[in-house]
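The values are calculated or read from the model by the stated rules, or taken from the named source; none is laboratory data. Predicted, not measured: the structure shown is a model, and the values here were computed from it. With ideal geometry, Cβ positions are generated from the backbone for all residues, glycine too; neighbour counts draw on all protein chains shown.
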Amino acid sequence: MSDFDYKQLDDIIHSRIRLAIMALLVSVESANFVFIRKKVNASDGNLSVHIRKLEDVKYVSSTKKFIDRKPVTTYQISNLGRKAFEAYVDRLSGLLQNG
Amino acid sequence: MTSDTLQGDLAYIKKIVQESRKNIGLSGDHLIVWGILVSIALFVTWANHYYNWGANEWLHWVLVIGGGWLFEIIYGRTVDRKIPVRTYTDKIEGFMWLSIGITLTILGFLGIGTDAIRPEYISPIFSTVLAIGYFTSGVIYEVKWIRNLAFGWWGGAIIMFLFPGSYHLLFMAGMMIAFQAIPGFIIQKTWAND
């Protein structure tokens, strides 16, 4: 097994749960919090923390609305997030090829 | 960090992307409502001709089609808002059916109203347009039986073009039930909890 320079990878995306969120959001137009939670198998608190990190760097944007008097938050990947994700996957593939 | 870890990450990304894209956003509700609404309207139009009721067909169709569009507006503002995920496929499919609906409304009212289309040929024209919708939906969602419904619509159109007559109202009503309303129920049952 070879060692890789992990510093070449985007720290924000390089966490299993944030990677899952990004991979999910890059393949859909939008998804709500509950859907993402089910797909990435995370708890409410854990997902909130990680999704907040992605929002802080503007990789993901959110829209809040009330449906049947209940708050529903829907998430979308931003152009910046999409580019960052593509770069991450390219880098990952590159590291593998060079390894 | 090892190549195994990285390969695992790439496989993980691929799995999530594929699963998310596979999400079927098809809703049978639209097909059921339009299928039943239009088949009843076609039957009433046929009965109006056959029994010489003398009812105003334009008013009848304005109410039916207007009712269908009203349903779409209400549905969009209530049920559609609750959809937990919207894929790009759903977006394309939704806009394709919207454009088909607008096309059929124009053909039905202005095509016949301006005498550009003879009334006995409106059903086969509708059939060919609906076939496009089913074929494309089936292909983009990778559901063969939905794609194959198009052949039913095209086949029906060929029959109605070759053998015009007032029977086509009943024939088309039957197709609306067989190739629209019933598939709508199947879709609703199959993907209601997707």
Within region A:29-46, residues being more than 8 Å from every other protein chain (Cβ to nearest Cβ), among the polar types (S, T, N, Q) and outside any loop (DSSP other than H, G, I, E, B) number 1
Scan region A:15-28 for residues that are of a type outside the set (A, V, I, L, M, F, W, C) and facing chain B (nearest Cβ under 8 Å) and report the count. 2
Checking the conditions here, which among A:Gln8, A:Gln76 is more than 23 Å from B:Thr87 (Cα to Cα), of a type outside the set (Ser, Thr, Tyr) and either within 11 Å of chain B (Cβ to nearest Cβ) or surrounded by 14 or more Cβ atoms within 10 Å (Cβ to Cβ) (or both)? A:Gln8
Of (1) under 15 Å from B:Trp34 (Cβ atoms); (2) buried (at least 16 other Cβ atoms within 10 Å of the Cβ), B:Tyr75 satisfies all except one. Which? (2)
Take the conditions within 26 Å of B:Ile140 (Cβ to Cβ), touching a helix residue (DSSP H, G or I) at 6+ places or on another chain (Cβ under 6 Å), surrounded by 13 or more Cβ atoms within 10 Å (Cβ to Cβ) and touching a residue at least 24 places away in the same chain (Cβ under 8 Å) and apply them to B:Ser20. Does it pass? yes
Which numbered condition trips up A:Val49, out of (1) in a helix (DSSP H, G or I); (2) among the β-branched types (Val, Ile, Thr); (3) modelled with pLDDT under 90? (3)
Could you list, in sequence order, all residues of region B:89-104 that are touching a residue at least 40 places away in the same chain (Cβ under 8 Å) and surrounded by fewer than 15 Cβ atoms within 10 Å (Cβ to Cβ)? B:Ile92
Residues that are away from chain B (no Cβ under 12 Å) and not small (Gly, Ala, Ser): does region A:62-70 have at least one? yes
If we keep just the residues of region B:91-110 that are out of contact with any Phe, Trp or Tyr (no Cβ under 9 Å at 6 or more places or on another chain) and of a type outside the set (Val, Ile, Thr), which is nearest to B:Glu57 (Cα to Cα)? B:Leu110
Of everything in region A:42-90 that's small (Gly, Ala, Ser) and under 16 Å from A:Ser30 (Cα atoms), which residue is nearest to the chain's Cα centre (by Cα)? A:Gly81
Filtering region A:49-62 down to residues that are touching a residue at least 12 places away in the same chain (Cβ under 8 Å) and surrounded by fewer than 19 Cβ atoms within 10 Å (Cβ to Cβ), which residue is farthest from B:Ile83 (Cα to Cα)? A:Val57
Could you identify the single residue in B:Glu57, B:Glu93, B:Glu72 that is among the acidic types (Asp, Glu) and in contact with a His (Cβ under 8 Å, 6 or more places away or on another chain)? B:Glu72
Right, B:Val79: of a type in the set (A, V, I, L, M, F, W, C) and away from chain A (no Cβ under 14 Å) or not? no
